[in-house]
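A quick write-up on the structure given underneath.
The values are calculated or read from the model by the stated rules, or taken from the named source; none is laboratory data. Since this is a predicted model, take the numbers as computed values, not measurements. Here the Cβ is made from the backbone with ideal geometry for all residues, glycine too, and neighbour counts use every protein chain on show. Surface accessibility is based on the protein's heavy atoms, side chains included, excluding ligands, DNA and RNA. Shrake-Rupley method; radii C 1.70, N 1.55, O 1.52, S 1.80 Å.
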Amino acid sequence: MSLPAPRSVPRAVIIGVGTASALVPLNSTMISVALRSVASDFGIEKAQARLLVLVYLVAMLVGQPIAGRISDRVGAKRLTVIALWGFAACSLGAVFARSFGALVAARTVQAVFAAALAPAASSMLRAVVPAGERGRAFGIQGSVVGMGVAVGPLVGGQLVDSVNWKAIFLVNLPVVAVCLFMLSRVPVPSLRSMIRTDEAEPTHGSLWNLTFSAAFATQALSNFGQYTLLLMCPAVLEAQDWDAASIGWVLTAMTAGLIVFGPIGGRYGDNHGRRTPVLGGLTVAAAGVAVLIPFNDGVSVYALVTSLALFGIGFGVAVPGLSAAGIESAPMARTATAAGWLSMSRYIGSIAATSLINALVDDDGRGARTMFGIATTSVLLAVATALVVVRHAPGPRATPAALAPTKT
C-alpha cells in the first residue's frame with residue numbers, strides 16, 4: 001500500500017493551533033492589570049487579589065505534564081476541544097461570580113483547562129506537520145504565543161478602563177470560537193498512520209532519553225535568563241521613577257524580537273539544520289544578558305533596550321528548533337506528555353528567577369549585577385546543554401525524493 005507524501009500545512013492551520021496555546025499567556029498577563037479593579041469591587045486588599053495570578057501559575061506548573069499524559073491517551077485534538085469548551089465555561093463563570101471566593105474557584109478550574117492547551121497543541125503540530133517543516137511551525141506558534149504575552153496587558157488595560165475587569169474574561173469567548181473553528185479544519189492522523197508515515201522517529205521507549213533531558217534543562221536554564229530580564233527591568237526602571245506604561249514599551253524590545261525572529265529561526269533550521277540557529281541564538285541571548293553585568297544600580301535605558309533586543313532576537317531564533325528537537329526526541333506515543341514537561345520547564349526557570357531576585361536584589365536595584373551575572377551563566381549553561389540536543393536533531397529539510405510515498 002502507498003502512503004501519500006507529506007504536504008505543507010497551511011499557515012492558517014498552524015496559527016489556529018497556536019492560538020489555542022496562546023490563550024494561556026494571554027490570560028496570565030491580562031489579569032495583572034485588573035487586580036486593583038477586582039480588589040475594589042470585592043472590598044479586599046490588592047495582595048489578596050494576587051491569588052488569581054498564583055493559582056494560575058501553580059496549575060500551569062503542575063497540570064501540564066498530567067494534561068500531556070491524558071492527551072496521549074484520549075487524543076490531542078479531542079482534549080483541546082474539551083479544554084476550550086471548559087475554558088470558555090469557566091470564563092463565563094468568572095464573569096458571573098458573586099464573591100471573590102467564587103471568582104478564585106472559576107479561575108482555578110479555568111487554569112486546569114488552560115494547562116491542557118499547550119501540550120495538546122504541540123502534539124497536534126507534530127502530528128500534522130512534516131518533519132522538515134516543524135521548525136517553521138513551532139516558529140509561527142511561538143510568535144502567536146509571544147503576541148499573547150505582549151498584547152495581554154495592553155488589551156486588559158483597555159478593557160478594564162473602558163468596561164470593567166469582567167471584560168477580560170468575556171474576551172476569551174470569541175477567541176475560543178475562532179480556535180474551535182480552526183480545529184475543525186485540522187485532520188489529525190492516528191498514531192498508527194503517523195508511525196507508518198514517518199518511520200525515522202521513535203515510536204515507543206523512554207521519554208527521558210539524553211536528548212529530551214537536555215532539551216528540558218536547556219529550556220529551564222534559558223527561561224531563567226528571560227525572566228530575569230522581564231522582572232529586573234521593571235525593578236530597575238521603577239527605582240528611576242519610570243511609570244508603568246513607559247516600562248511596558250521598553251519591554252516590547254524583547255517581545256518584538258521573539259515575534260519577528262521565531263519564524264525566521266524555525267525556517268532556517270528546517271532548511272539548513274537546527275544546530276546553527278539553536279546554538280547561535282542562545283549565544284546571542286547570553287550576550288544580551290551579559291551586556292548588563294557592568295551595571296549594579298542606575299542601569300541606563302539604552303543598555304536595557306540593547307539587552308532586551310539581543311535576548312529577544314537570539315531566543316526567538318533558538319526556541320523553534322529547540323522545541324521541535326525536544327519533542328521529536330520523544331516516543332511518538334508520548335508526544336503530548338513530552339510537550340507538557342517541556343512547558344513545565346519554562347515555569348521552573350521563571351520561578352527560580354523570581355525567587356533569586358527576591359533574595360538578592362533590593363527595592364532600589366542594588367544587587368542587580370549579581371543577578372545579571374547568574375543569569376548570564378545560566379544561559380551559557382543552556383548553550384552547553386543544547387549541544388546535546390542538536391547532536392541528534394534532524395538535518396536540513398529532506399529533498400523531494402526523500403519525501404516520496406513509502407511502500408508498505
Expected single match for open to solvent by 10 Å² or more (accessible area, probe 1.4 Å) and within 13 Å of Leu207 (Cβ to Cβ) among Ala352, Ala333, Ala338 is Ala333
Of the candidates Arg78, Arg107, Arg69, the one satisfying the condition of being without any contact (Cβ under 8 Å) to a residue 24 or more places away in the chain and either in a helix (DSSP H, G or I) or touching a Ser or Thr at 6+ places or on another chain (Cβ under 8 Å) (or both) is Arg78
Only one of (1) within 19 Å of Gly281 (Cα to Cα); (2) open to solvent by 10 Å² or more (accessible area, probe 1.4 Å) does not apply to Thr370, and that is (1)
When region 257-305 is checked residue by residue, the ones that are closer than 21 Å to Leu381 by Cα and free of Cβ contacts under 8 Å to residues at least 12 places away in the same chain are Thr276
A careful count of residues in region 160-170 that are open to solvent by 20 Å² or more (accessible area, probe 1.4 Å), in a helix (DSSP H, G or I) and free of Cβ contacts under 8 Å to residues at least 60 places away in the same chain gives 2
Only unsatisfied item for Phe295, checking (1) within 30 Å of Gly367 (Cβ to Cβ); (2) surrounded by 23 or more Cβ atoms within 10 Å (Cβ to Cβ); (3) touching a Lys or Arg at 6+ places or on another chain (Cβ under 8 Å), is (2)
Pairs returned, first residue in region 26-42 that is closer than 21 Å to Gly148 by Cβ, second residue that is among the hydroxyl-bearing types (Ser, Thr, Tyr), beta-carbon separation under 8 angstrom, 6 or more apart or interchain, are Asn27/Tyr56; Ser28/Tyr56; Ile31/Tyr56
Task: Residue match in region 126-134 (condition: more than 19 Å from Leu258 (Cα to Cα) and free of Cβ contacts under 8 Å to residues at least 60 places away in the same chain) - done: no
(message) Being under 16 Å from Thr337 (Cα atoms) and either of a type in the set (S, T, N, Q) or open to solvent by 20 Å² or more (accessible area, probe 1.4 Å) (or both) is the requirement here; does Ser99 meet it?
(response) no
Only one of (1) in contact (Cβ under 8 Å) with a residue 24 or more places away in the chain; (2) over 17 Å from Val129 (Cα atoms); (3) open to solvent by 60 Å² or more (accessible area, probe 1.4 Å); (4) not aromatic (Phe, Trp, Tyr) does not apply to Asp241, and that is (1)
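Just the residues that are open to solvent by less than 10 Å² (accessible area, probe 1.4 Å) and either aliphatic (A, V, I, L, M) or modelled with pLDDT under 85 (or both), please, taken from region 248-261.
Met254
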Can Ala39 be described as open to solvent by less than 10 Å² (accessible area, probe 1.4 Å), touching an Asp or Glu at 6+ places or on another chain (Cβ under 8 Å) and at pLDDT 80 or above? yes
In region 298-324, anything under 16 Å from Asn223 (Cβ atoms), open to solvent by 30 Å² or more (accessible area, probe 1.4 Å) and among the small types (Gly, Ala, Ser) is listed as none
Taking the condition in contact (Cβ under 8 Å) with a residue 24 or more places away in the chain, in contact with a Ser or Thr (Cβ under 7 Å, 6 or more places away or on another chain) and not in a helix (DSSP H, G or I), does Leu231 pass? no
Quiz prompt | Residue within region 137-152 that is over 18 Å from Arg346 (Cα atoms), at pLDDT below 80 and open to solvent by 30 Å² or more (accessible area, probe 1.4 Å) present | solution = yes
Within region 26-36, the count of residues that are surrounded by fewer than 21 Cβ atoms within 10 Å (Cβ to Cβ) and within 22 Å of the chain's Cα centre (by Cα) comes to 3
Q. Is it fair to say Val188 is part of a helix (DSSP H, G or I) and either modelled with pLDDT of 65 or more or surrounded by 14 or more Cβ atoms within 10 Å (Cβ to Cβ) (or both)?
A. no
Checked region 373-395 for anything modelled with pLDDT under 85 and either hydroxyl-bearing (Ser, Thr, Tyr) or open to solvent by less than 80 Å² (accessible area, probe 1.4 Å) (or both); matches are Ala393, Pro394, Gly395
